[in-house]
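Asker: Structure in structure tokens, see below.
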Amino acid sequence: MRTRGSSPAEGRTEGISGAAIVFGFVVTAVLTLVAATVTSLLVHFTAVSEMSAASAIYYAAMLCAAAGGAAAARRAGRMGWLHGGAVGFLYALGSVSAAYAMIPGPFGLLDAAVRFLAACAVGVLGGIIGMNL
């Protein structure tokens with residue numbers, strides 16, 4: 001039974017947790033750096049080609065975005081899809097911006113849009129999975 005002055009939402013926090021999103025983004029960035037380092041070491045010390053390494057880094061980065069989305073959702077404890085999507089959005093914004101700044105020549109807008117949407121979708125998926133772990 002509710003007491004006077006209390007609301008059904010009392011004791012529950014609503015909204016987005018910025019700290020959880022930052023935590024998820026840091027997890028994503030660290031995991032991506034580790035994956036890129038391991039891949040570059042494989043290219044240097046083995047016969048793996050740079051073209052196959054670029055694909056491996058892309059797919060590993062998507063897995064890292066999902067892991068960061070899951071970490072953000074677990075940290076927030078609510079609205080996993082939203083926290084994961086926010087991590088994917090920040091990761092996509094950072095990675096597409098970095099690629100635009102580092103890659104000389106024309107930059108394909110369609111390719112950037114596909115990568116941006118993929119990172120956001122993978123972040124959402126990671127957030128959903130993170131809430132159910």
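Asker: Report the semi-axes of the equivalent ellipsoid for the chain in whole Å, largest first, where each axis is √(5λ) for an eigenvalue λ of the Cα gyration tensor.
Answerer: Whole-Å semi-axes of the equivalent ellipsoid: 36, 16, 11.
Asker: Which residue, Ala86, Ala113, Ala121, tops the fluctuation ranking in a GNM of the chain built on C-alpha contacts under 10 Å?
Answerer: Looking only at Ala86, Ala113, Ala121, the biggest GNM fluctuation is shown by Ala113.
Asker: Taking +1 at the Cβ of each Lys and Arg and -1 at the Cβ of each Asp and Glu, which of Ala61, Leu125, Ala76 sits farthest along the dipole of the chain towards its positive end, judged by Cα position relative to the Cα centre?
Answerer: Ala76
Asker: Looking at the chain, identify the longest residue range that excludes and avoids all trypsin sites (Lys or Arg not before Pro) in DSSP loops having at most 16 other Cβ atoms within 10 Å.
Answerer: Longest site-free region, per DSSP loop and neighbour criteria: 13-77.
Every number in this text was worked out from the coordinates using simple rules, so none of it is lab data. Because the structure is predicted, anything quoted here is derived from the model rather than measured. Here the Cβ is made from the backbone with ideal geometry for all residues, glycine too, and neighbour counts use every protein chain on show.
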